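Written below as structure tokens is the structure these notes are about.
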Amino acid sequence: LLTLGKLPLQFSGQPLNGLVSKMAAGTLSPDLYLELGEAIDSTGSADLKTRYKEVGAKLSPDELTASYAGSLTGGDVNRGRQIFFRNQQAQCMKCHSYDDRGGNAGPRLNGVALRLAREQILEALISPSARLAPGFGMVSVEKKDGKTVSGLLMEDTKTALVLKLGDQPAQTIPKDQIAKRTNSPSSMPDMKAILSKKEIRDVVSFLSTLKENN
């Protein structure tokens, strides 16, 4: 695909457009989305770029996720492992632990693939404040009765939030009583500014293999 993108547009335009059509129809493997996007970028064709972006937007819930749809599947697990343990810019092990190695500023990652879907793992990397892990972030909620409650997020279920502030007893707040929820910014760095889309794809693939919660 990358070679195709380097050919003159008169030769690459039609086959690339055909692949975008397959993407729209759901018959193109998601593993190829990222390479297809890179090939289209290489052509310099505004029309192809626009069509690829429009198709991606229909396949994803928001613009950010759409722009990283190609990072969801197809990564190299071994490269992802190397990035997780050794990348000096990402420094994943500084905050996260795995098999009793690493830091404790963030959630332990043994069994993370049992707790989070692949889409949620990607979201945690590219939009870390969108979803807070229980025990690792502050939340403020405005209730429908006008009261405001803030505290450390202890539990987040389909029906309720459990928040705890200092030595006070934890409070369970039914979600149907919440008018507005505000998450505090996550301390985790935004990987979009540190890793390439391919590197993020590799990390997603590696983390998606961590199914043993030992």
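The values are calculated or read from the model by the stated rules, or taken from the named source; none is laboratory data. Predicted, not measured: the structure shown is a model, and the values here were computed from it. Heads up, the Cβs are rebuilt from the backbone with ideal geometry, glycines too, and the neighbour counts pull from every protein chain shown.
Summary of computed values
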| item | result |
| --- | --- |
| Residue selected from segment 164-202 under the condition within 15 Å of the chain's Cα centre (by Cα) and closer than 18 Å to residue 131 by Cα, by the criterion modelled with the lowest pLDDT | 186 |
| Scope segment 69-88; condition in a loop (DSSP other than H, G, I, E, B) and more than 12 Å from residue 203 (Cβ to Cβ); matching residues | 73, 74, 88 |
| Single unsatisfied condition, residue 205 versus (1) at pLDDT 90 or above; (2) farther than 21 Å from residue 72 by Cβ | (2) |
| From 151, 106, residue being under 22 Å from the mean Cα position of the chain (by Cα) and either over 27 Å from residue 34 (Cβ atoms) or assigned to a loop (DSSP other than H, G, I, E, B) (or both) | 106 |
| Breaking point among (1) loosely packed, with under 14 Cβ neighbours inside 10 Å; (2) within 14 Å of residue 202 (Cα to Cα); (3) among the polar types (S, T, N, Q), for residue 104 | (2) |
| Number of the exception - residue 111 against (1) at positive phi; (2) buried (at least 20 other Cβ atoms within 10 Å of the Cβ) | (2) |
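Condition check ((1) surrounded by 17 or more Cβ atoms within 10 Å (Cβ to Cβ); (2) without any contact (Cβ under 8 Å) to a residue 60 or more places away in the chain) across all residues:
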position: 143; (1), (2): no, yes
position: 152; (1), (2): yes, yes
position: 175; (1), (2): no, yes
position: 202; (1), (2): yes, no
position: 205; (1), (2): yes, no
